[in-house]
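A short worksheet on the structure shown next.
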Amino acid sequence: MFGIIKDVIRLLRIKIIHMIALLKSNIFMDLSISKVLIVAPHPDDEIIGCSGLMQSLLKTGKEVFVVILTGGEGSHCGCCSISTSDLIKARRELAVKANMQVGISKDNLYFLHYQDGNIHYEYQDTEKLASLIKNVRPDSIFVPHRGEGWNDHLQARNIIQKLIENNSDIRLYEYCVWFWYYNTWSIDWKNAFILSMTTVEHTLKNQVIDTYILPKAPCGKPWSGVLPKIFVKAVRWNKELYFRIK
């Protein structure tokens with residue numbers, strides 16, 4: 001019963017946020033953006049949160065880079081006997097396929113080796129992430145929203161903030177993934193931006209979400225794990241929500 005009540009609250013919150021976003025958010029039209037880095041804690045976060053934005057930027061000749069911090073090996077934790085290496089291999093293959101569908105080439109897609117479920121600043125790959133930012137030289141970086149709920153998402157955001165805290169040339173934005181599922185009500189609407197996808201862009205976004213969440217592992221469950229139906233429905237919205245934090 002408690003679970004049903006929580007789901008009802010989630011659905012109500014999603015509808016309320018949709019309405020407020022349409023009324024209070026700015027239209028995402030930062031014409032000064034030319035080179036973007038999207039930081040995803042796990043394979044699929046970048047597509048779920050930003051694939052509409054990716055399409056929009058690429059159509060106007062902008063450069064888009066994606067870095068995925070973990071192999072997503074936690075998706076079958078306690079589920080079956082699939083090896084960690086097989087999980088990572090399969091999820092990264094899906095990541096390449098999904099990102100290529102929206103126009104991200106292999107050259108612009110990077111994989112790091114943070115441990116799924118244990119992303120933290122002191123990890124050895126933070127140095128590689130810092131080097132990547134230095135080499136790509138993005139003018140804007142997109143990280144998961146502060147209300148995501150998952151520790152990996154919060155830590156990914158915190159790591160980027162630390163790495164660029166003295167770089168005034170890089171703008172920092174939040175994108176939404178698990179924001180839609182967790183009951184976070186503290187929202188900075190003053191710095192909110194909404195991106196409306198065309199029918200073609202929205203259709204493609206749903207297709208690439210399916211690229212990630214439909215293929216099944218030998219155990220019969222999706223490689224990406226079993227995602228809550230409310231969550232999947234929420235991220236199929238024909239708009240994307242962003243927040244500028246720096």
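The table below gives the values:
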item	result
Sites excluded, GluC sites (Glu not before Pro) in DSSP loops with at most 12 other C-beta within 10 Å, longest stretch of the chain	1-121
Gyration tensor (alpha-carbon) shape descriptor, the chain, a/c threshold 1.5	rounded
Selection from Ile68, Gln155, Met100, by position along the positive dipole direction of the chain (Cβ)	Met100
Carbon + sulfur, % of accessible area of the range 100-213 - ligands and nucleic acids excluded, 1.4 Å	46
Neighbour-limited loop hits for chymotrypsin sites (Phe, Trp or Tyr not before Pro), the range 59-129 (at most 16 other Cβ within 10 Å; DSSP other than H, G, I, E, B)	Tyr121
The chain, accessible area per residue, ligands and nucleic acids excluded (1.4 Å, Å²)	48
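The values are calculated or read from the model by the stated rules, or taken from the named source; none is laboratory data. Note that this is a predicted model, so its numbers are computed, not measured. Glycine also receives a Cβ, built like all others from the backbone with ideal geometry; neighbour counts cover every protein chain displayed. These accessible areas exclude ligands, DNA and RNA; they are computed on the full protein's heavy atoms, side chains included. Shrake-Rupley method; radii C 1.70, N 1.55, O 1.52, S 1.80 Å.
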